[in-house]
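Right, one structure below, let's go through it.
The values are calculated or read from the model by the stated rules, or taken from the named source; none is laboratory data. Remember, predicted model here, so these are calculated numbers, not experimental data. Cβ: placed from backbone, ideal geometry, glycine included. Neighbour counts: every protein chain shown. With ligands, DNA and RNA removed, areas are computed over all heavy atoms of the protein, side chains included. Shrake-Rupley method; radii C 1.70, N 1.55, O 1.52, S 1.80 Å.
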Amino acid sequence: MITDGPRLRPDLEALPSYKAGQRPAPRSDITTYKISSNESHFPPLPSVQAAIVAAATEINRYPDPFSSELVTAIAQHFGVPSEHIALGTGSVALCGQIIQSAAGPGDNILYAWRSFESYPIWTGIAGAQSIQIPLRPDETHDLDAMLQAITPETRVIFICSPNNPTGQIVDPRELENFIAAVPSEIVIVLDEAYVEYVPQNKRSDSIRLYRENTNVVVLRTFSKAYGLAGLRVGFTISQEPITNALRKTALPFGVSSLAQAAAIASISAESELFERVALVTAERDRVVGELITMGYELNSNYANFVWMRLGSRTDVLHQALEHAGLSVRPFPDEGLRISIGETQANDRFIEVARQVASEFDVLR
Ligand SMILES: *Cc1c(COP(=O)(O)O)cnc(C)c1O
């Protein structure tokens, strides 16, 4: 039989593909920096490396499929039952599992836009419909509009705080009122990938929110503040109905033995890691301060990156940064997301932003 090749789902054609932050090309004249993916620029802690090396002696075996030791460590850390923890190969995978667990064709998934690029992709893969609610002019989630947009087809709502790529947080009071107003059959995901960079007094008490609401899922990752982006491990905290569904939809043996060992070691080394977080937030505030002094208009930034909404002037600064050996994440005609990196990288970023501000009138 002659065919035109494999018959695949036509709707996949319309799916956006994930645009990963670029690595800079190595150059002989200058050190280049990758400040495009919001990773930790610090190398792994010696204690974490040692745990990985020790685990490497057993990689001929499958990992513990339940990641029992890691689940216990996370549960103890947050003071929650082990039955409320699900693990995934990065929190990105858990975003997909949440959607698969709750939605299919005909259903819709609600989230702010612009926000994390994985949401539309997973929604499309599930055959569900994305409902994107524009951010308010100050880049915060428009929770009133999100509430208005709920329909009987709504199955999942993502709240990304701090929001990637705009760096804004959702006000804790507003979030609480929002959750109270959303019908309890709709899953609400609190994507807190960057929560460690938020001052304590600005954070939502997401653990209490999950305890009080069967439909709330707290989504966390080891990729950012914990510096394990390359190992792919994230987790959720939610009550049994959702947690059980996430365990069912997980990739079998997905979280590797190296990732499990590294995550356990990272929880033990948390105070050391949080010292790094403090260095990053201090650098972020320094960078933001400099940019504002130059005349750039910026909202508050609560994560390990800076968001510059430059509109049609995005490309000018992007080109200049690339030219200077800095890979950042552009959103064409919208803005740039610049991760906080090594001090030298941040200094160079400031320097280029200053030159561009004076030469190209990007501020008008
Ligand atoms: C980086 C990021 C994640 C984490 O992804 P992992 O798969 O855990 O590496 C999740 N949500 C948002 C909004 C992010 O920016």
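Determine, yes or no, whether ASN60 is away from the ligand (no atom under 16 Å from the Cβ) and free of Cβ contacts under 8 Å to residues at least 12 places away in the same chain. Please lay out each step first, then the result.
Numbers: away from the ligand (no atom under 16 Å from the Cβ): yes; free of Cβ contacts under 8 Å to residues at least 12 places away in the same chain: yes.
Considered against the rule, which asks whether it is away from the ligand (no atom under 16 Å from the Cβ) and free of Cβ contacts under 8 Å to residues at least 12 places away in the same chain, ASN60 comes out as yes.
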* To do: State the number of residues belonging to region 281-309 that are under 26 Å from THR31 (Cα atoms) and at pLDDT 95 or above.
  => 17
* **Qualifying positions in region 121-135 - touching an Asp or Glu at 6+ places or on another chain (Cβ under 8 Å), outside any loop (DSSP other than H, G, I, E, B) and not small (Gly, Ala, Ser)** => GLN129, ILE133, PRO134
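This table checks each residue for (1) open to solvent by 10 Å² or more (accessible area, probe 1.4 Å); (2) within 16 Å of the ligand (Cβ to nearest atom); (3) assigned to a loop (DSSP other than H, G, I, E, B); (4) not assigned by TED's automatic domain parsing to the domain that holds ILE99.
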{"site": "PRO137", "(1), (2), (3), (4)": "yes, no, yes, no"}
{"site": "ALA145", "(1), (2), (3), (4)": "yes, no, no, no"}
{"site": "PRO152", "(1), (2), (3), (4)": "yes, no, yes, no"}
{"site": "THR166", "(1), (2), (3), (4)": "no, yes, yes, no"}
{"site": "ASN177", "(1), (2), (3), (4)": "yes, no, no, no"}
{"site": "LEU190", "(1), (2), (3), (4)": "no, yes, no, no"}
{"site": "ASN201", "(1), (2), (3), (4)": "yes, no, no, no"}
* Structure fact -> Selection over region 102-141 where residues are farther than 21 Å from ARG329 by Cα and among the basic types (Lys, Arg) yields a count of 1
* Asked: Any idea which of (1) surrounded by fewer than 15 Cβ atoms within 10 Å (Cβ to Cβ); (2) within 15 Å of the ligand (Cβ to nearest atom) is the one GLN319 doesn't satisfy?
  -> (2)
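Of the residues SER130, SER118, SER184, which single one is free of Cβ contacts under 8 Å to residues at least 60 places away in the same chain and within 20 Å of the chain's Cα centre (by Cα)?
Numbers: SER118 fails: free of Cβ contacts under 8 Å to residues at least 60 places away in the same chain; SER184 fails: within 20 Å of the chain's Cα centre (by Cα).
None of the other options fit; the residue is SER130.
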* Taking region 186-220 only, how many residues are within 17 Å of GLN97 (Cα to Cα) and out of contact with any Pro (no Cβ under 9 Å at 6 or more places or on another chain)? -> 11
* Selection from region 154-164 of residues that are within 16 Å of the ligand (Cβ to nearest atom) and not polar (S, T, N, Q) -> VAL156, ILE157, PHE158, ILE159, CYS160, PRO162
* Asked: Taking region 100-111 as the search range and keeping residues that are open to solvent by less than 30 Å² (accessible area, probe 1.4 Å) and in contact with a helix residue (DSSP H, G or I) (Cβ under 7 Å, 6 or more places away or on another chain), which one is nearest to the ligand (Cβ to nearest atom)?
  -> TYR111
* Structure fact -> Heads up, the helices (runs of 4 or more DSSP H) in region 231-303 (entirely inside) with at least 1 residues that are closer than 19 Å to HIS84 by Cβ are 240-248, 257-268
* Do we have any residue at all in region 66-79 that's within 16 Å of the ligand (Cβ to nearest atom), out of contact with any helix residue (DSSP H, G or I) (no Cβ under 6 Å at 6 or more places or on another chain) and open to solvent by 50 Å² or more (accessible area, probe 1.4 Å)? -> no
